[in-house]
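Below: the structure, in structure tokens.
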Amino acid sequence: MTHRFFLAGVPAALLAVLSLATTATGQGPSDRPTGAGAKPYSQARTVDGQPDISGYWTNSTYIPLQRPKGVTKEFYTPEEMAKMEQDAKAREDEQTVPGAANDVHYDDGQFGLARSQGTFASNLRTGLIVDPPDGRLPPQTEDAVKRNAAIAATRVVGTPPPGFSARDLTGGNLDSHRGIKIDTRCIMMAAVPPPLMTNSYLANYQIVQSPGYVTILVERLHDARIIPLDGRPFPSSKVRSWVGVSRGRWEGNTLVVETRNSNGRVQAAAQGIMAQQPFSGASEEMRITERFTRVAHNRIDYRFTVEDPRTWARSWTAAVPFERMEPQGPFFEHACHEGNYSITNMLTNARNAEKKAAEAAIKKGSN
């Protein structure tokens with residue numbers, strides 16, 4: 001967590017809803033509201049001459065990845081966004097009432113866990129996807145449909161787990177090759193690039209620049225992606241990892257990062273809330289090209305393109321603005337569940353439920 005928990009809120013919510021908007025400068029009128037007389041941004045530089053994109057940023061947003069069905073326009077008006085802001089705040093306030101049906105331990109809002117209480121990336125877009133033009137993910141290939149249907153068929157949500165290795169949480173990630181629960185064990189939470197946990201918990205990032213490298217630290221589960229800028233080649237396709245391998249370069253004031261060599265396991269196994277992430281169902285052939293351009297003191301224009309011919313009929317691109325967080329960090333440790341007590345409690349409760357069911361069956365049989 002960050003200081004935002006205590007000072008002005010952290011942009012976090014678990015359900016994707018439509019976007020809100022605030023007034024700020026530095027971006028074109030088609031993308032977000034702008035202040036009058038906005039001055040062109042003069043690109044800051046690091047001590048070694050790189051365009052400066054360092055600092056603490058968030059891409060938490062109310063804008064859904066895909067344009068909602070039935071919405072045909074690319075942008076909302078500021079008035080429409082203001083109405084959405086009011087509606088979204090009301091929904092978050094309902095969540096923070098202790099004892100309410102939708103209470104998700106946001107308490108009474110005093111720690112600012114409702115997204116509307118903290119920094120979030122405002123935008124007038126009706127969806128983050130900018131290509132295809134309809135703002136929707138391209139159709140999946142026949143291979144992807146079969147592959148993901150087979151994965152889904154192996155899960156029965158709500159069934160008591162027989163043991164730790166078979167624990168299957170809604171929202172968890174399964175290594176489909178070995179059955180290891182990496183999410184439940186707090187090893188990884190679908191932190192594959194690009195940084196797009198926009199509608200999820202702790203969608204916050206620290207960007208650190210050093211000579212020859214850019215490092216992106218994800219607050220959620222403190223995953224750090226170290227991106228070399230020295231032109232080194234990608235490793236062999238036989239060398240793969242959970243989050244892939246990234247290589248970066250500067251094109252003018254834009255940092256371009258290409259990622260490949262994923263093992264395909266995190267994204268292929270995403271389910272529950274994580275299945276709402278854009279890479280649910282992607283294959284190990286997925287390639288991602290990201291572009292970071294700082295366009296204002298408090299704004300990074302961020303776009304990424306996904307190519308995966310085994311999964312989608314064509315490539316697709318999304319635009320996800322980053323907003324500078326105030327105050328500027330630091331991040332505290334995201335401890336997930338300390339001591340792994342959650343696993344013990346889950347399995348203990350499952351065994352108790354099975355014991356009670358067996359006792360009830362014996363009692364019923366004796367009557």
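The values are calculated or read from the model by the stated rules, or taken from the named source; none is laboratory data. Keep in mind it's a predicted model, so treat the numbers as computed, not measured. Heads up, the Cβs are rebuilt from the backbone with ideal geometry, glycines too, and the neighbour counts pull from every protein chain shown.
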Pick from the stretch 255-298, criterion over 19 Å from residue 317 (Cβ atoms) and charged (D, E, K, R), ranking: modelled with the highest pLDDT: 294
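For every residue, the table says whether it meets (1) in contact (Cβ under 8 Å) with a residue 24 or more places away in the chain; (2) over 25 Å from residue 254 (Cα atoms); (3) of a type outside the set (Phe, Trp, Tyr); (4) crowded, with 17+ Cβ neighbours inside 10 Å.
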{"site": "297", "(1), (2), (3), (4)": "yes, no, yes, no"}
{"site": "306", "(1), (2), (3), (4)": "yes, no, yes, yes"}
{"site": "317", "(1), (2), (3), (4)": "yes, no, yes, no"}
{"site": "329", "(1), (2), (3), (4)": "yes, no, yes, no"}
{"site": "333", "(1), (2), (3), (4)": "yes, yes, yes, no"}
